[in-house]
Amino acid sequence: MNLDLNITPLKQWLPSFERPLLIAGPCSAENEQQMLHTAADIVSHFPNAIFRAGIWKPRTRPNTFEGIGDIGLEWMQKVKTETGLVTATEVATAEHVEKCLKAGIDILWIGARTTVNPFSVQDIADVLKGVDIPVFVKNPIYPDVQLWAGALERINNAGITKIAAIHRGFHSYDNGPFRNSPKWELAIDLKSTCPDLPIICDPSHIGGSPELIPYIAQKAMDMDMDGLMIETHMDPANALSDAKQQVTPMQLKKIIQDLQIRCASIESLELKSKLDELRSLIRKLDDDLLELLAKRMAVSEQIGNYKRENNITILQLNHWKALFERSSETAKLLGLPHDFIKGLYQLIHDESIRRQTDIMNNK
Ligand code: PEP
Ligand code: MN
């Protein structure tokens, strides 16, 4: 994947920026008192936070709370004048963007259900032409990094350079303990393609419950992400949306206080030389691994030729099962987790089959 974005660094347009950039506030704006009260508590702990609240809520099912609508923008304005907090909300249509610009909302974000639709993203990008406002893009619901990159590109092509990606997890049939599977590798993929792109993690939508937030937030920091978006509500149990995952401002304070913020750059020379030594060992082992893999594939091709000459099917299910069982026993003895080995073997097996198929087809 290649992704070439023109990005204004966070620090340049948000002088108070310090890792982690914190975006806090309720899932939804519900009433004026809830907004002002939550914002006052947030600013008392985090004067540099960005205040979030959803005004229009994309809900999976109708007849649930679909957001308070335009009146919420007036409450956002009040939050801004009374607390001085920077404000952010979700936009899903060109009309939302126009209303937010008129109301002086400081930052816009595109939600996960909108990022999946290039038509909607393009409509939003079109009204943003010539406007100078930061726009954050949440990952699409589906684990498709190209859609995420595409939405960022469309916004960037409209001339918006104050951009960031928000990692809020992905829908998967096997979410484990999470509401949305984090699939960290996709966020890492995006970051490695575009190292200057700030990434903000949203542990609330990944975790779906307050208990998981500290773990996810810490992991995000250890992945060198730039910020955290955490849904914060005065009375989470009675919230009109996402009641199960919001935290109180006091809980938020504890979560942030308990974070260990590690640094990505290595300053001490002694530390660096020890790390260099270990890294060169890893490089050598990686070379060995790759050479072994190449050898293994060559043997697999020999087997492919033999199967072709003797009219034998490529997939020999019983053989594959026995081979995997034997290797997973060995892996267990070596202390390698079963799931890791299973995933690795799946990849190796897929590549062997691909090569043998080419041989069968005489390529
Ligand atoms: C939200 O931030 O409240 C929201 C709707 O998030 P997402 O788009 O990640 O589902
Ligand atoms: Mn929410």
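Tabulated data
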read-out: Sole exception among (1) more than 15 Å from ligand 1 (Cβ to nearest atom); (2) in contact with a helix residue (DSSP H, G or I) (Cβ under 7 Å, 6 or more places away or on another chain); (3) hydrophobic (A, V, I, L, M, F, W, C) for Ile55, by number; value: (1)
read-out: Pair list, Cβ under 8 Å, 6 or more apart: region 311-328 residue touching a residue at least 40 places away in the same chain (Cβ under 8 Å), other residue outside any helix (DSSP H, G or I); value: none
read-out: Single residue of region 37-82 satisfying the filter (more than 22 Å from Leu10 (Cα to Cα) and polar (S, T, N, Q)) that is nearest to the chain's Cα centre (by Cα); value: Thr60
read-out: All helices (runs of 4 or more DSSP H) inside region 145-234 with 1 or more residues being among the charged types (D, E, K, R) and assigned by TED's automatic domain parsing to the domain that holds Glu90; value: 145-157, 184-193, 213-222
read-out: Within region 151-200, considering residues that are within 16 Å of ligand 2 (Cβ to nearest atom) and β-branched (Val, Ile, Thr), the one surrounded by the fewest Cβ atoms within 10 Å (Cβ to Cβ); value: Ile200
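The values are calculated or read from the model by the stated rules, or taken from the named source; none is laboratory data. Keep in mind that this is a model prediction, so the values were computed, not measured. Cβ sites come from the backbone with ideal geometry, for glycine too, and all protein chains shown count toward neighbours.
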